[in-house]
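Participant: Dropping the structure in here first, questions after.
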Amino acid sequence: MQKKQNKYFLNLKIKTLLKLNIRNLKNKNKRNKNNKMEKKMKILEGFLLGLSTGTSCIMACYPVFLPYLCSKLEGFNENNKKFLSFTFGRFISYIFVGILLGLLGYYALKFIPPEFEVYLRRISWIAAGILLILNGLNFEFPELKLCKNTKLLTNKKVSSFGIGFLAGLNLCPPFLAAASRVFGLGSKTPIFAMLEGALYFILFFIGTTVFLLPLILVGTLNKIKNSFFLNTFQFISRWTMIILGVYFSVFEGIIYLFSR
Amino acid sequence: MKNNNKNIKSIIKSLLSTIPMFFLISFFSLYNAKGIYKISGWITVIYLSFCYFMLIWTDKISYWRRFLFILGAFCFFPSFIAMLLEKRGSMALEYKDIFLNETPFCHIVFPMVILPYLLENILIFPARLTGNYASFYSMLVIICISLLTIGRGWCSWVCFYGGWDESFSLLSKKPILKLEDNSKKFRFFNFVMLFVVILGALATFSVIYCQWFCPWKLITEYEQISNISSFFSLIMSVIIFFSIVIVLSFLTKKRVQCMSFCPFGALASILDKFSFFRVKIDDKKCISCGRCSKLCPFLSIDENSLKEKKGKIFLTCSKCGNCIDNCPTDAINYDFFLQSKHIHLKISKSLVIFSGWLLGSIIMGGFISDTIARILNFILNGSFFIH
């Protein structure tokens, strides 16, 4: 009877151990799969973050680029060229920041002072403001011949790229949220860290660019036949650009930096 | 004899038109009024009703409109400043007042707060959403009603800042600095300010007009000077107030601040498309003398269109009635927006004047009554402060 009982308990032990081992194996596979999925989701999350917080992009990019587009209505194709240059400028700034943050990772938080974000934003305001003023004056007062002296800065493609790059450097809260997520990617090597950071920001960029697509429609305004309306609209856009440029560079840039 | 009969008939007609206005103004001015406010309330009611009667009887719209508009503006600032001094002891806004959303909601702020509120559900101006007449929702209701009825007429019948501009523009007999009538730069420049403040508010999430461009801080409230930027912003207000509101208006005999600087005026011009009334020129009666174009304080009448017998009035028209008063052939009139410009209905003119006067009396009547009460208190008790 005792022997039978011992045999029974031994079989039970073996069965339980086997079940546990099989379960552990299954869990390990699941965990590995989950880890890979998690990493993919973390990076894809960049696109979703951009899509869900894109209204901040409207607030950062429209004020600087919309007056520039409206101040000289040259048709759908020309408008798209400017838009593409602007988008490319943003793309470069996002990649630049993505690679930097991915590489530096945790240490970026430790060694870069918190005021860095504030100073970067204010300096980008000053630069964007100067670009807007020069282009506004160039469109409104062609007799000043600013083109000759500031050829590079008043070139259509360079200006659009510059405005896009500077708008991209404006570190808004969704951008900082994306940055903090990039730190948490946990890449094994510096090269992987750079690539994953860049990929995260590329997807974040695509998510936010969706909200900038309405800017393409500005090119269709050229088709309005009322020349008085078109001339007045462009006049208003040029002066908006000039005054906004002064506001960004002086009030949001220089005075703010002096008062700190 | 016939003339006497006509005069008596017109007086009786005007009196009958004034009676409903009298009762409405009495209701708004005397509701819950006690003590010295009852006396000042009655003075306000009698004054406003008398001016309205004279407007209807003489048919001089712009002339009598100014008695409400300019007095309202000059009574607004002592009343508002006295209320501030009674409540917080200073005109300066401290951070705790901003933090507690104790700032009255000004209508000029409206263009800046719309988009951030729609996009992020945040009111970027430190005012209450509800709770008093100067809260966001109550001002929104007042502005919507005004814009639907009189449209940009707000700028000539209701706005408690515009009277300053108008008074300085009337001081000189002839313009010392002539603005070109066809120059769109002055006529549409407030649209530039509108887009600057909207886009600037979007980019910085702050009310940039109030911080840097508002000339009215000198007669209302301003941020306490605690650093270089608040000092600069006060200096900017002083420069803009004296240069644009006083000097340029005096030199050009045009309402420069309202025409070329105020962003709310530009928004009101756009929303004027939805209002019930317009000012229209009847080309059949028009003799192209150009007097209306020269006298318009907003440069809203296109002189070229008069020569071509097409009589175009821009959307910047504030329905002040100056052109209607001075047209030698009565070719200009207030009309319903769908009405043909060759048909004049007397009722449309009466409705515009009635709406404008009533709205102006409701908004500014309180300040007029309060200032009179304070003056009476000063005479009787030696103090301008009542509470």
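The values are calculated or read from the model by the stated rules, or taken from the named source; none is laboratory data. From a predicted model like this one, the values you see are computed outputs, not experimental measurements. For neighbour counting, all protein chains shown are included, and Cβ atoms are generated from backbone atoms with ideal geometry for every residue, glycine included. What goes into the accessible areas is simple: the full protein's heavy atoms, side chains included, and nothing from ligands, DNA or RNA. Shrake-Rupley method; radii C 1.70, N 1.55, O 1.52, S 1.80 Å.
Participant: How high is the relative contact order of the stretch B:166-251, in percent, counting Cα pairs under 8 Å that sit 6 or more residues apart?
Facilitator: The value is 44 percent.
Participant: For B:Lys346, list the aspartates and glutamates whose Cα falls under 20 Å from its own Cα; do not include residues on the same chain fewer than 8 positions away.
Facilitator: Excluding near neighbours in sequence, the set is B:Asp59, B:Asp282, B:Asp283, B:Asp325, B:Asp330, B:Asp335.
Participant: Under a point spin-label approximation (7 Å from Cα along Cα-to-Cβ), what is the B:Ser138-B:Ile375 distance to one decimal in nm?
Facilitator: Taking the two extended label points, one gets 2.6 nm.
Participant: When chain B is treated as a GNM, springs tying every alpha-carbon pair under 10 Å, which of B:Ser293, B:Ser229, B:Ser269 comes out with the largest mean-square fluctuation?
Facilitator: In the Gaussian network model the winner is B:Ser229.
Participant: Find which of B:Gly311, B:Met91, B:Tyr117 sits farthest along the positive direction of the dipole of chain B, computed with +1 on the beta-carbon of Lys and Arg, -1 on that of Asp and Glu, about the Cα centre.
Facilitator: Value computed over the given set: B:Gly311.
Participant: Under the definition of Cα pairs under 8 Å and six or more residues apart, what whole-number percent is the relative contact order of chain B?
Facilitator: Normalised by residue count, the contact order of chain B is 24 percent.
Participant: Next up: Once label points are set 7 Å from the Cα along Cα→Cβ at both A:Ile216 and B:Leu85, what is their separation, rounded to one decimal in nm?
Facilitator: In this crude label model, A:Ile216 to B:Leu85 measures out at 6.1 nm.
Participant: With the alpha-carbon atoms as the only input, what is the per residue convex hull volume for the stretch B:132-230 in Å³?
Facilitator: Normalising the Cα hull of the stretch B:132-230 by residue number yields 183 Å³.
Participant: Sticking with this structure for a sec: Please go through the residue pairs B:Lys60/B:Lys273; B:Lys254/B:Lys309; A:Lys225/B:Lys254; B:Lys217/B:Lys280; B:Lys284/B:Lys349 and name each one whose alpha carbons sit more than 28 Å apart in this structure. All intermediate terms of the calculation are to be shown ahead of the outcome.
Facilitator: Working: B:Lys60/B:Lys273 26 Å; B:Lys254/B:Lys309 25 Å; A:Lys225/B:Lys254 32 Å; B:Lys217/B:Lys280 36 Å; B:Lys284/B:Lys349 19 Å.
Cα-Cα > 28 Å for A:Lys225/B:Lys254; B:Lys217/B:Lys280; rest within.
Participant: For the protein assembly as shown, what is the accessible area per residue in Å² when the probe is 1.4 Å? Let's see the in-between values first.
Facilitator: Details: 32560 Å² over 647 residues.
Result: 50 Å² per residue.
Participant: Leaving out same-chain residues fewer than 8 places away, which aspartates and glutamates sit with a Cα under 12 Å from that of B:Lys253?
Facilitator: Filter leaves B:Asp165, B:Glu166.
Participant: Checking an interface number: how much accessible area is buried between A and B, summed over both chains, with a 1.4 Å probe, in Å² rounded to 100?
Facilitator: The summed interface area works out to 2300 Å².
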